[in-house]
Amino acid sequence: MPFRVLLADDLYFMRMVQKEVLEANGYQIVGEASTGIEAVAKYQELNPDIIVLDITMPEMNGLEAMRRILEIDSQAKIIICSAIGQQNLIVGAINAGIKDFIVKPFKPERLLSAIKKALAA
Amino acid sequence: MTFSGLDEQKLLRAFLEESEELLEKLNDNLLQLERDTSNPDSINEIFRLTHSLKSESALLGFVRLSGIAHRLEDVFDGIRSGTVSLSRPLMDAIFSASDLIHEIIARISIGKSDEEIDSQSVIRELKQLAGLAPEIGTEGYGAAAPDRSERADEGGLVLGDFEYSQIMEALERGEKIYELTVMVSEEVELKYPRAYLVFNNLEMIANVIQTVPNMTVPQEDQLYRQLVVLLSSELDEEEIYSKACSVDLIERLELEVWDKTSIQDAVSASRGEETARAVAAAQTPSASRIEGTSIRVGTNKLNEIWQLVGELTIFKAQLSQLHDNVARQKGNESIKGEVERASDHLERITTEMQQAIMGTRMVPIAVLFNKFPRLVRDLSRKLGKNVDLEIHGKETEIDRTIVEVLSDPLTHIIRNSLDHGLEGPEDRRAAEKEEVGHIMISAHQQGGQVVIEIADDGRGLDVDKIRQKAGIASEVSDEEVIQTIFSPGFSTKEDVTDLSGRGVGMDIVATRIREELKGEVEVRSEPGESTLIRILLPLTLTILHSLVISCAGYYYAIPVQDIDETVRVLEEEIFKNKGSEVYSYEGNEMPLLRLDSVLIGPSEDQQNRRREHNGVVVEQRRGRVCLLVDELVEEEDLVIKPISELLNHRRLFSGVSVLGDGKIIFILDTARIMEIIETGGFDAI
């Protein structure tokens, strides 16, 4: 059974890159979300093994989505996509319980190894 | 104040920087409290502020300062709990205490100590008015700040009593003591959050006794390349290791279990440095001081980055020229496309970077405006005038270097408004005006400029008096007459110092705004009703959107903000008028200047003159002038650098910049050119 991944990013391009690299490495993308609201809804619906969550998204940002997801599932495995300059947000997210974070721009391997480690823990 | 080992200067600087903000808040809250003496928010905030001031100054050994702050803290604690009532005299005493604090900090900032300051009378007054029990003993709080010695092992764990007892308790519970060393990959950006992730994971399964560097208060990111964590846990090595390992981008992980002897060694080694922990604590500001999402960065560092972005801008321009050249050549279509994309990309990044860095230079004008309520309050009391101050647009952002220069002129204008502009209560009643005078200060952004207005509903300027004193002919309009209060030397003229309205020093104010800030200032006035002073300032002094022109084989730049329009000028539209050339444009005449004759020298060969010219109509407060140039080249954002006096013959240029191809370009000072035209300075050419 491959690990089931949910991708949440408002940029289609970003999701495409992530999807490509993850699928090539045996992960299954069970869903994609382009807003925070959608991410929460899809998490609840699909119950993925891990979710990759962009911080900057319209309607509801990634941090708020993260909070809601952790309310639904306190064991949720969440990886946050952030940018330089968001250090304080990241620390807040770590305190809230994310498993790892990646800093944009990132190489595809980065995402892969962060997911691998987070799923192994 | 002596404690060896700590960077005293650094601490002091941090203290001064922070106290500035603190004093401002204190001031604001005091003013708010005066308006509404039962406002619990203000009371709590002042209590908090005085408390921080007390502790910080005590830490640095400023005994007098902390003494006053301590007393204020007591007073506000009393007010908070209802044991002290806030009377008018008490409020005044509080204000004088706050003034003394200002004064002491000003002394400290120029390197003096606070010891010569007499704080006793202020403290006595506060105590008396607040009905606090006289205190026995020293006035200073924490006067005997603990002596601190240098930390022995930089980067290593330092165990004090607290750590020791934690270790002992953990051992009694049957837990093991681990020392975990984590190396974060060198190339990782944001090392602190990454180290924090490890730390957080460990905290969930173990008891973290100590970390080096400290994790609760972020320090310089680079310090978190290595994180050492001392922890106790009942889990075995394997489990601790795997938890720490679940984080990506960790280069190396070492886990060591401490046995009895290593614990004893560590403890006794640390004991030798018993005070070391105190230092470690002192080096770490308390958590309450960390302000959300901001860090302090020295202005010089920002300036350095700014300069680099300037260089980058130049390089970007070079690249885009290269791209233009490549595009003109035949063949190599695929490379052309790539160069174009790369060039576009760089362009976008550079522009964004420029804006982002520009953002760091910008501060809300509130930093300046916030001091005015206090100024107006004090001055209006002194003058026995009743004044209501309104402030708008505090959030308007402006370059911090502009703020620094603007502070004095603006203060002067407001003082003038209070002093000379607004009438006293009796005069106002006699003039059938509301007894309370109004002053309004506002700021907003308009195009590439910041507009600041200072308005009052006072007596206005006495145009006739100005006209008479300055000896201005009657055909000149009132509007123009009142602008002469800004003319250099105006206020030094005899008898004009007491012009009803104002006038004192307004010429100096105007000079600073015009010359140092490249801004404009104008005044409007309704006699007997109001005065409005409007200041126009550039958003920043370092980047100038300019029109590049060529003239006699050289490039020059004219700031776009000075340009009214560009025109085609036919030779037959140019006339001679009293020896100077004028250009007849849409029925109006304006002075005309052949830029080449000014910059290079007169050209004798009339035959060579073209029949048609490119003209740039420049508008300044003094009026308009048409500059004839060879070519209009392009508009560009230029990074302005100061120009050496030696190169600046007749001060025709306001600065110098470098174009994409590395050519030096001079920026024309249109105000100066206008001035020379007016004084007939070019006629001899």
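The values are calculated or read from the model by the stated rules, or taken from the named source; none is laboratory data. Since the structure is predicted, the reported quantities are computational estimates derived from the model, not experimental observations. Virtual Cβ from ideal backbone geometry, glycine too; neighbours counted across all protein chains shown.
Of note:
- Selection of first residues in the stretch B:97-108 that are farther than 14 Å from B:LEU30 by Cα and of second residues that are polar (S, T, N, Q), restricted to Cβ pairs under 6 Å at least 6 apart or on distinct chains, gives the following pairs, ordered by first then second residue: B:ILE105/B:SER19.
- Flag if B:ASP77 is surrounded by fewer than 20 Cβ atoms within 10 Å (Cβ to Cβ), more than 22 Å from B:SER38 (Cβ to Cβ) and among the acidic types (Asp, Glu): no
- The set of residues in the stretch B:199-215 being touching a Ser or Thr at 6+ places or on another chain (Cβ under 9 Å) and facing chain A (nearest Cβ under 10 Å) consists of B:PHE199, B:ASN201.
- Hits in the stretch B:415-430 - residues which are in contact with a strand residue (DSSP E or B) (Cβ under 6 Å, 6 or more places away or on another chain) and either within 24 Å of B:GLU520 (Cβ to Cβ) or among the aromatic types (Phe, Trp, Tyr) (or both): B:SER417, B:GLY421
- Which listed residue is buried (at least 17 other Cβ atoms within 10 Å of the Cβ), closer than 30 Å to B:ALA206 by Cβ and either modelled with pLDDT of 70 or more or of a type in the set (Lys, Arg) (or both), from B:LYS176, B:LYS127: B:LYS176
- Restricting attention to the stretch A:2-18, the residues that are closer than 14 Å to A:ILE50 by Cβ and surrounded by fewer than 18 Cβ atoms within 10 Å (Cβ to Cβ) total 3.
- All positions within the stretch B:223-249 that are among the charged types (D, E, K, R), within 13 Å of chain A (Cβ to nearest Cβ) and touching a strand residue (DSSP E or B) at 6+ places or on another chain (Cβ under 7 Å): B:ASP248
- Residue count for the stretch B:377-426 satisfying the condition of being surrounded by fewer than 17 Cβ atoms within 10 Å (Cβ to Cβ) and either in a strand (DSSP E or B) or not assigned by TED's automatic domain parsing to the domain that holds B:GLY458 (or both): 3.
- None of B:GLN354, B:GLN321, B:GLN307 is in contact (Cβ under 8 Å) with a residue 60 or more places away in the chain, assigned to a helix (DSSP H, G or I) and within 26 Å of the chain's Cα centre (by Cα) except B:GLN354.
- Of the residues contained in the stretch B:200-211, one or more are found to be among the hydrophobic types (A, V, I, L, M, F, W, C), loosely packed, with under 14 Cβ neighbours inside 10 Å and without any contact (Cβ under 8 Å) to a residue 60 or more places away in the chain.
- When the stretch B:502-533 is filtered for residues that are within 30 Å of B:TRP306 (Cα to Cα) and part of a strand (DSSP E or B), the ones remaining, listed by number, are B:GLU520, B:VAL521.
- Restricted to the stretch A:2-121, the set of helices (runs of 4 or more DSSP H) holding at least 1 residues that are within 21 Å of B:LEU202 (Cα to Cα) and within 12 Å of chain B (Cβ to nearest Cβ) comprises A:87-96, A:108-120.
- Under the condition of being surrounded by 11 or more Cβ atoms within 10 Å (Cβ to Cβ), within 29 Å of B:VAL639 (Cβ to Cβ) and not acidic (Asp, Glu), the residues counted in the stretch B:317-340 number 11.
- Flag if A:LYS107 is modelled with pLDDT under 90, among the basic types (Lys, Arg) and closer than 21 Å to B:PHE199 by Cα: no
- The residue pairs whose first member lies in the stretch A:58-74 and is surrounded by fewer than 16 Cβ atoms within 10 Å (Cβ to Cβ), whose second member is of a type in the set (S, T, N, Q) and outside any loop (DSSP other than H, G, I, E, B), and whose beta carbons are closer than 6 Å, counting only pairs six or more residues apart or on different chains, are A:ILE72/A:GLN44.
- Residues of the stretch A:105-121 satisfying the condition of being crowded, with 18+ Cβ neighbours inside 10 Å and touching a Lys or Arg at 6+ places or on another chain (Cβ under 7 Å): A:ALA118
- Residue in the stretch B:629-641 that is on the phi > 0 side of the Ramachandran plot, basic (Lys, Arg) and at pLDDT below 80 present: no
- Any chance B:VAL184 is touching a helix residue (DSSP H, G or I) at 6+ places or on another chain (Cβ under 7 Å), within 15 Å of A:ASP100 (Cβ to Cβ) and either away from every other protein chain (no Cβ under 11 Å) or surrounded by fewer than 19 Cβ atoms within 10 Å (Cβ to Cβ) (or both): yes
- Test result for B:LEU346, assigned to a helix (DSSP H, G or I), without any contact (Cβ under 8 Å) to a residue 40 or more places away in the chain and under 30 Å from B:GLN307 (Cα atoms): yes
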